[in-house]
Structures are given as C-alpha cells and as structure tokens.
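Trainee: To start, I am sharing the structure in question, which I have written as structure tokens.
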Amino acid sequence: MATRFVALSDTHSLHRQVKLPDGDVLIHAGDFTGRGLRRDVEDFADWLKEQPHRIKIVTAGNHDEFVESHPNEARAIFDSAGVKLLLNESIDVEGFKIWGSPITPEFRNWFFMTKRGTPIAGVWSQIPDDVDILVTHGPAYGHGDLSTAGGMSAPRATGCLDLLLRLRQIKRPRDVHPRIHIFGHIRGGYGTSESDEFPGTTFINASICTEQYRPTNSPIVFRLNRAAGT
Ligand code: MN
C-alpha cells in the first residue's frame, strides 16, 4: 500500500494561512519562522500538533534562529508536539529512510549556514547512501533552484554544487537513492521537477511563500510504494 506524503517549506510564521491536504506523513523543509524566536517555534509546533497526519517531520532553515541557538529546547518543543526534528540525522518511517538537514551555503549573516566547498561537503557526506527521502532546507545546484530575488533581470541557479556532487555519488542505476528530494529556501523555484541525470528521482521545491513572502503556493503531495523486497 502506498504511503501518502505532504511536503511544505518556507511558511515563515504564516502556517495558519496554509490549507494542508490529508496524508500519512507531513514533512516541512525549514524556514517555518520569520524572525526565529522561541514563541514562533512554539506556535508552529502547536499548529503541527493540531494536524491529523500520523507522522510529522521537520528540519529548520536559515531563518530559524532559536533552533540553532537552543537545539535541545527546540527538540523538546517539537517532541512534546509529536514532531520529529531532523538536524543532520535520519529516521525510518513506514520502511522509508528519511534524512534531514537545515544547512544551506553561506549567504549573508543567517543561521545554519556553512561555507561552500569542503566544509559543506562534509555535511553532505553524512547523507546515508540508502536515503529514500532527502530533506534539505536548500536545493542542489540546477534542480528547483532558479531565483530572481534581489532584482536579478534573469533567473539564476543558486543551489548548492556540493549537494549536487553528493547526489551523484549516491546515485544507483536501478535502486534509486534518493527517490525524493524535498527542499525550499529558493522560493522562486517552487514546484516539482525531474532530470535525465537522476532517473527515478523527483525534486520537490515545496516553498509555500513566494519571493514576495506571500503564502500562496500549495503543499505538494506524493505517494511512495516501498521497493520490492524491502
Ligand atoms: Mn531559507
């Protein structure tokens, strides 16, 4: 039987304006706050607790300051709401391995940021080779990462090259890993895409907010069957 997943990201404290579809597993890819204060995290966790999905998983993003400065307290807030917070760690859900990370490449003075090159490649080396659903706050280079923010005249690919290189390492001809990559952060890249380079992998930019921070994009639903023999 297929498991029904609901993906969203970048709600920036506007989560109460989001109409969530039903599903078994809810996954949020970070930037759930605007200013990242404790009360913002608590309000988001309270809202998640009200949702009917059996399993709820979140990572953080570069806006979610309280999670970076007080990770143990943030984890406790989510635990008490029945939500699993993934900070560079994995969880097995209904036979699927899910790994989540709040890290994005350094850009101005935000949170959960790591320098491009060797430092951020070290984070991505922690992604398990057998990951089924990869959840990172930001996109890989070239996949759902086109931005026109900041007054650029033409869209520019702003994703993480080191994350793309890690995806190439864990790619398998038949036993596809990851089957799904969920992210946000580059809000103009909202939507689902596929690529000849990664047959069988679906890239989901689940940003709810637009580049103008209006929460008008819809959560993205997908279904997965467990691979035969697992
Ligand atoms: Mn972000």
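The values are calculated or read from the model by the stated rules, or taken from the named source; none is laboratory data. In this text the structure is predicted, and so the values were computed from the model without any measurement. FYI the Cβ positions are ideal-geometry reconstructions off the backbone, even for glycines, and counts take in every protein chain you see. Side chains included, ligands, DNA and RNA excluded: accessible areas come from the protein's heavy atoms. Shrake-Rupley method; radii C 1.70, N 1.55, O 1.52, S 1.80 Å.
Trainee: Filter segment 133-149 down to the residues that are open to solvent by less than 10 Å² (accessible area, probe 1.4 Å), within 16 Å of the ligand (Cβ to nearest atom) and among the hydrophobic types (A, V, I, L, M, F, W, C) and list them by number.
Mentor: V135, A140
Trainee: If a residue must be among the small types (G, A, S) and open to solvent by 60 Å² or more (accessible area, probe 1.4 Å), how many such residues does segment 201-230 contain? Working first, answer last.
Mentor: Residues of segment 201-230 that are among the small types (G, A, S), as a first pass: 206-207, 218, 227-229.
Next cut, open to solvent by 60 Å² or more (accessible area, probe 1.4 Å) only: 218, 228-229.
The qualifying residues number 3.
Trainee: Sticking with this one: Answer with yes or no whether R75 is within 16 Å of the ligand (Cβ to nearest atom) and either open to solvent by 50 Å² or more (accessible area, probe 1.4 Å) or in a helix (DSSP H, G or I) (or both).
Mentor: Numbers: within 16 Å of the ligand (Cβ to nearest atom): no; either open to solvent by 50 Å² or more (accessible area, probe 1.4 Å) or in a helix (DSSP H, G or I) (or both): yes.
When the stated conditions are applied, R75 does not pass them.
Trainee: Which condition breaks for R174 when tested against (1) closer than 14 Å to H137 by Cα; (2) more than 14 Å from the ligand (Cβ to nearest atom); (3) open to solvent by 20 Å² or more (accessible area, probe 1.4 Å)?
Mentor: Exception for R174: condition (1).
Trainee: Follow-up. Show me the strands (runs of 3 or more DSSP E) entirely contained within segment 126-214 in which 3 or more residues are in contact with a strand residue (DSSP E or B) (Cβ under 8 Å, 6 or more places away or on another chain) and β-branched (V, I, T).
Mentor: Values: elements: 133-136, 180-183, 191-193, 202-205.
Ranges flagged: 133-136.
Trainee: Follow-up question, since we're still on this one. Just give me the residues in segment 108-125 being in contact (Cβ under 8 Å) with a residue 24 or more places away in the chain, open to solvent by 30 Å² or more (accessible area, probe 1.4 Å) and farther than 17 Å from A29 by Cβ, in sequence order.
Mentor: We begin by selecting, within segment 108-125, every residue in contact (Cβ under 8 Å) with a residue 24 or more places away in the chain; these are 110-113, 116-117, 120-121, 123-125.
After this cut, where a residue has to be open to solvent by 30 Å² or more (accessible area, probe 1.4 Å) as well, the list is 110-111, 113, 116, 121, 125.
Those that are in contact (Cβ under 8 Å) with a residue 24 or more places away in the chain, open to solvent by 30 Å² or more (accessible area, probe 1.4 Å) and farther than 17 Å from A29 by Cβ: R116, A121, S125.
Trainee: If I filter segment 78-101 for residues that are among the hydrophobic types (A, V, I, L, M, F, W, C), in a helix (DSSP H, G or I) and either over 17 Å from V131 (Cα atoms) or within 16 Å of the ligand (Cβ to nearest atom) (or both), do I get at least one hit? Please lay out each step first, then the result.
Mentor: Kept after step one, since they are among the hydrophobic types (A, V, I, L, M, F, W, C), are these residues of segment 78-101: 78, 81, 83, 85-87, 91, 93, 96, 98-99.
In the following step, the residues that additionally are in a helix (DSSP H, G or I) were identified as 78.
So of that shortlist, the ones also either over 17 Å from V131 (Cα atoms) or within 16 Å of the ligand (Cβ to nearest atom) (or both) come out as 78.
Yes, segment 78-101 contains a residue that is among the hydrophobic types (A, V, I, L, M, F, W, C), in a helix (DSSP H, G or I) and either over 17 Å from V131 (Cα atoms) or within 16 Å of the ligand (Cβ to nearest atom) (or both).
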